[in-house]
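Take a look at the structure set out below.
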Amino acid sequence: MIKQNFACGLRVCGLLACGLLAGCGAAGAAAGTGTGGQAGSITLYSGQHEQTTDGLVAAFEQQTGIKVSVRNDDEDTLANLIAVQGSHSPADVFFTENSPPLEFLQEKGLLSQVTPGTLAHTPAKYDSPAGDWVGVSARVSVIVYNPSLIARNQLPAGVMQLADPTYSGKLGIAPSETDFQPIVTSVTRTYGRAAALSWLEKVKSNGASHTFPDNETRTGARSPSGSSTSTTGTGSGPRSARARCTRRSPTSPRTIPGT
């Protein structure tokens, strides 16, 4: 599935670029006069991969001459921090992998409006309906599988089929992984809360014997015989030579041919 990265502005900040971006606070941040730093500087709270953020920040500083002070942490941790700090947050820009933390801050009225010119760079369906965050990049997530335990033609055609009894005891999941929440959000928006809860209960049951703390642990899990302990698992990024890719928009999961 292709997962958007989002950015938003806080009511204490302006806007940078890439992933999911949101501006926080004063509009002056976009001009390098952010609330979190001196004139000619902005403060970025980043829940993105640090190497991605470092590359973007370096290019931004070179092109604009604006200094960026970066605070890296889990996006949920940063969202909670911004909520506590409120209008006193030093953050000028919030860069996340997923939209739920931005919607959390949106509900609290802590995001500033993204300029129409910036929103025009992406299709409206990938941005906040309220115009206070913008999707700036995409990422592929995959369902990886063990070809010695399951044939390609037996793979689920989409995430909803992971709840099928066929995959009982065969599914590996990392429900606490940040990448899992956007899948749940997509299912909820597409099929409704009741259907999403039912789906989650069935997925939980199917993956009860193969639950892992994160994607890396799950895809690297081995049984004593050396084979994978589960036949399929959802994850972000192609972590296996055999992967079925599913593309997810913010509103509907769908399947595209895998490799």
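The values are calculated or read from the model by the stated rules, or taken from the named source; none is laboratory data. These figures come from a predicted structure and were not determined experimentally. All Cβ positions, even for glycine, are placed from backbone atoms using ideal geometry, and neighbour counts span all protein chains on display.
Within region 169-183, track down each residue that is of a type outside the set (S, T, N, Q), under 16 Å from the mean Cα position of the chain (by Cα) and in a loop (DSSP other than H, G, I, E, B).
Step one: list which residues in region 169-183 are of a type outside the set (S, T, N, Q), which gives 169-175, 177, 179-180, 182-183.
Then drop every residue that is not under 16 Å from the mean Cα position of the chain (by Cα), which leaves 174-175, 177, 179-180, 182-183.
The answer is Ala174, Pro175, Glu177, Asp179.
Counting only residues that are in contact with a strand residue (DSSP E or B) (Cβ under 8 Å, 6 or more places away or on another chain) and of a type in the set (Gly, Ala, Ser), which one in region 87-129 is farthest from Arg71 (Cα to Cα)?
Here the residue is Ser128.
Could you list, ordered by first residue, the pairs with Cβ atoms under 8 Å in which the first is in region 197-217 and under 14 Å from Thr178 (Cβ atoms) and the second is in a helix (DSSP H, G or I) and not hydrophobic (A, V, I, L, M, F, W, C), at least 6 apart or interchain?
Phe212/Arg218
Mind checking which pairs have a first residue in region 121-138 that is touching a residue at least 12 places away in the same chain (Cβ under 8 Å) and a second that is part of a helix (DSSP H, G or I) and surrounded by 24 or more Cβ atoms within 10 Å (Cβ to Cβ), Cβ under 8 Å, 6 or more apart or different chains?
Pairs that qualify, where the first residue is touching a residue at least 12 places away in the same chain (Cβ under 8 Å) and the partner is part of a helix (DSSP H, G or I) and surrounded by 24 or more Cβ atoms within 10 Å (Cβ to Cβ), are Ser128/Leu102; Asp132/Leu102; Trp133/Leu102.
Can you tell which of Thr166, Thr229 is modelled with pLDDT of 90 or more and over 18 Å from the mean Cα position of the chain (by Cα)? Even if it seems obvious, please write down each step before you answer.
Values: Thr229 fails: modelled with pLDDT of 90 or more.
The conditions single out Thr166.
Among Gly37, Gly19, which is the only one that is over 18 Å from the mean Cα position of the chain (by Cα), assigned by TED's automatic domain parsing to the domain that holds Val114 and modelled with pLDDT under 95?
Numbers: Gly19 fails: over 18 Å from the mean Cα position of the chain (by Cα).
Of Gly37, Gly19, the one residue that is over 18 Å from the mean Cα position of the chain (by Cα), assigned by TED's automatic domain parsing to the domain that holds Val114 and modelled with pLDDT under 95 is Gly37.
Every residue in region 157-186 that is closer than 24 Å to Thr77 by Cα and β-branched (Val, Ile, Thr), please.
Our first condition is that a residue be closer than 24 Å to Thr77 by Cα; within region 157-186, this holds for 173-186.
Passing the criteria: Ile173, Thr178, Ile183, Val184, Thr185.
Of Ala157, Ala194, which residue is outside the structural domain of Asp76 (by TED's automatic domain parsing), surrounded by fewer than 13 Cβ atoms within 10 Å (Cβ to Cβ) and part of a loop (DSSP other than H, G, I, E, B)?
On the way: Ala194 fails: part of a loop (DSSP other than H, G, I, E, B).
Answer to the selection: Ala157.
Any residue that is at pLDDT 90 or above, assigned to a loop (DSSP other than H, G, I, E, B) and touching a strand residue (DSSP E or B) at 6+ places or on another chain (Cβ under 8 Å) - is there at least one of those in region 132-141?
The answer is yes; a qualifying residue exists.
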